[in-house]
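I have placed the structure first, in the form of structure tokens, so that the comments after it can refer back to it.
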Amino acid sequence: MIEVVNVTKRFGPILAVDRISFHVPRGEVVGFLGPNGAGKSTTMRILACFFPPTSGRASVGGYDVVSQALEVKRLVGYFPERVSVYPDMSVRSFLDFVAEAKDVPRAARKQDIDRVMESCGLHAVRDRLIGHLSKGYRQRVGIAQALIGTPQVLILDEPTIGLDPEQVVEIRKLIRALGAERTIILSTHILSEVSSVCDRVIIINRGRILASESLADLRAQVQRTRRVRVEVEGPESQLQTVLAQLPGVIRVRGDGVSDLRREATENGSVAAVIEYEGGDIRKAVSQAVLRHGWGLLEVRSLEPTLEDMYLQLIRDAETQRHTGQ
Amino acid sequence: MFCIFKKELRLYFGSFIAYSLAAAFLLLAGYFFYTDMVFYDLFGDFMDITTSLWNYYFLDLRFISMLILPLLTMRLFAEEKKLGTIELLWTYPLKDLHIILGKFLACFVFFLLVVLCTLVYPVLLHSVHPFDWGPPFAGYLGLLLVGATFIACGAFFSSLTENQVVSAMSTYGVLVFFWFLTWNEEAVGPQLIGVVSRFSLFDRFGDFAKGVINSKDVAFFILATTFFLALTLQSLESRKWRGIR
């Protein structure tokens, strides 16, 4: 549905997007992740035909974003990063204008607007001026305008920023529901959003794609070292030495903080995180603890969180960049 | 195009600025009609109504239009840029040309409605003092033509900036420059004045005020309006080749 090949965008001397390529099949929900200024919004704006790429080719639904921009715009619902709405218009008249601008047939207009207001929870404020609405509601109006005309592709630039937790849950639910039949690209800073909504994640840093994989694949790629959390009733200093001597262990650290401080938990037990390579170490850990006659309260293997993976990828890219120079 | 036109008109009629500008326009127009009437009352015995009333009245209306229209056009694109709503317009299936024409027409229709309100003065005069409708008709036609040019010029400057004050001031700059252009013949020189005055938006209006519809002048204003609208289109489309965020 979306095809991006070698796209570059320059703003004068600034290289915002650097030869990126990716492909999004119909019906997939893709999360764009990356630090500020990574090129997420620029890529999304290119796909929404806001401006053309400096070089490279991008197409939506088979239509080129430069030469067939009008056709692309008919397919795409776009929610810009900067929530922009007309403060002097009422919600209803604004959506009416959007429906007309998007060529929704006159007969279907009212129904379409009602449907969108329903799904964005705007019925209660439909006759209020947008300028008088709270930020959360204005955000919803922004999302509503993207949904008008049932576009097949949705490009949402940070759709949940500035919403209260309840609204965030609602909007995510909405996006998930929409994702069942539509292709969606959404950018976000909130990593849990990606894991709860997206099928696939594209991580961008400094205008380049670092990873473009499903969450499971990404996990496998980043997970070079594995981790086990163990909770023991016993002497702290001895535990440290015993665990460190097990085969494959890289280091033993406290739970929660990165330095080697041990942490006493509430019930007087000691929690530690073991980083190791190779096969599953859990059996060896439990045997070692029991051999010393300590109480074993927990042995649990830790899955890397999206945060870990994300930071790891960005760090790796930065290291590569520095060694490369 | 029609949806932009409707939206703009809705915004004009929903905003206080438009009403206050219309009120100022009508107040000034009423004042000038009154003073011009006084003049006509004093000298009407020696001069005909066209030279002693309509000529002054329409020159005054043109002056008010020059004052008011840049304030009406300054928001056309600058406001959308400031609010960021231009990002929406550019990602809806609308052509740039249609956006421009929709905005231009909405502004023009608003101007037309305000100008129609001033018809009340001549109609009142006609009821007590019948006259030939030809010359004021020419005057009104010229006023609408020169107004269209002012609006197109204002739309162009509005498309260059996101600051409405900058937009209005640069429009004033150009309009006042065209106005002053032919004031000082000595400064320009006798040969050059012939060329320059052809481009003056204000000299071109002179004939209309005297009740003369000259097809050359009509063509000039239509051309000038098209010229400024074409510049606006270029300015909007520049985002496609300029590296702007």
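Quick notes
- Of the beta bridges in the protein assembly as shown, as assigned by DSSP with both residues counted there, near 70 percent are antiparallel.
- Charge dipole of the protein assembly as shown (Cα centre as origin; +1 on each Lys and Arg Cβ, -1 on each Asp and Glu Cβ, all else neutral): 1420 debye, rounded to the nearest 20.
- More than 18 angstrom apart: percent of Cα pairs within the range A:102-163: 37 percent
- Per principal axis, descending, Cα span of the range A:1-136 in whole Å: 46, 31, 26
- The mean number of partner chain beta-carbon atoms within 10 angstrom of a residue's beta-carbon across peptide A:79-89 is 5.
- All distinct Cα pairs of the range B:133-231 go into the 1/r average, and the inverse of that average, the Kirkwood radius, is 14.3 Å.
- Reduction of at least 50 Å² in accessible surface, 1.4 Å probe, comparing all protein chains with the chain by itself, residues of the range B:1-30: B:C3, B:K7, B:R10, B:L11
- Loop sites here are GluC sites (Glu not before Pro) outside DSSP states H, G, I, E and B with no more than 14 other Cβ atoms within 10 Å. The longest part of chain A free of them is A:1-180.
- Per residue, in Å², the accessible surface of the protein assembly as shown once ligands and nucleic acids are set aside, probe 1.4 Å: 46 Å²
- Surface share of carbon and sulfur [accessible, 1.4 angstrom probe, percent] for the range B:33-122: 72 percent
- The alpha carbon gyration tensor of the range A:166-206 gives principal lengths a ≥ b ≥ c with a/c of 1.5 or higher and a/b no greater than b/c, which makes the shape oblate.
- Heavy-atom accessible surface of chain A: percent carbon and sulfur, 1.4 Å: 49 percent
- Extreme residue, positive dipole direction of chain A, given options A:I175, A:T319, A:V65 (C-beta unit charges): A:V65
- Other protein chain Cβ atoms within 10 Å, averaged over every residue that makes up B:80-91: 6
- Overall dimensions of the range B:1-93 by Cα: Rg and Dmax, Å: 19.3, 63
- Student exercise, chain A dipole from Lys, Arg, Asp, Glu Cβ charges, in Debye to nearest 20: 700 debye
- Cα Rg over Rh - the range A:115-225, Kirkwood: 1.03
- Sequence-ordered 3J(HN,Hα) estimates for the range A:65-76 from the Karplus curve with 6.51, -1.76 and 1.60 and θ = phi - 60° stand at 6, 9, 7, 10, 4, 4, 5, 4, 4, 5, 8, 9 Hz, glycine and proline given as x.
- Percent of beta bridges antiparallel (DSSP, chain A, rounded to nearest 5): 70 percent
- Heavy-atom accessible area, 1.4 Å probe, ligands and nucleic acids excluded: residues of the range B:212-245 down by at least 40 Å² from chain alone: B:R239, B:G243, B:R245
- Residue-averaged beta-carbon neighbours from other chains (10 angstrom radius) around A:95-101: 5
- When A and B come together, around 2900 square angstrom of accessible surface is lost from both chains combined, probe 1.4 Å.
- Kirkwood analysis of the protein assembly as shown, using all unique Cα-Cα pairs, places the hydrodynamic radius at 28.6 Å.
- Too-long pairs where the Cα-Cα distance tops 31 Å, listed order kept, from A:K102/A:K173; A:K173/B:K95; A:K110/B:K103; A:K110/B:K95; A:K73/B:K7; A:K73/B:K216: A:K173/B:K95; A:K73/B:K216
- Volume per residue that the Cα convex hull of chain B spans, once the total is divided by residue count, Å³: 145 Å³
The values are calculated or read from the model by the stated rules, or taken from the named source; none is laboratory data. Not measured: the values here are computed from a predicted model. Backbone-built Cβ (ideal geometry, glycine too); neighbour counts: all protein chains shown. To get the accessible areas, we keep the full protein, side chains included, count just its heavy atoms, and leave off ligands, DNA and RNA. Shrake-Rupley method; radii C 1.70, N 1.55, O 1.52, S 1.80 Å.
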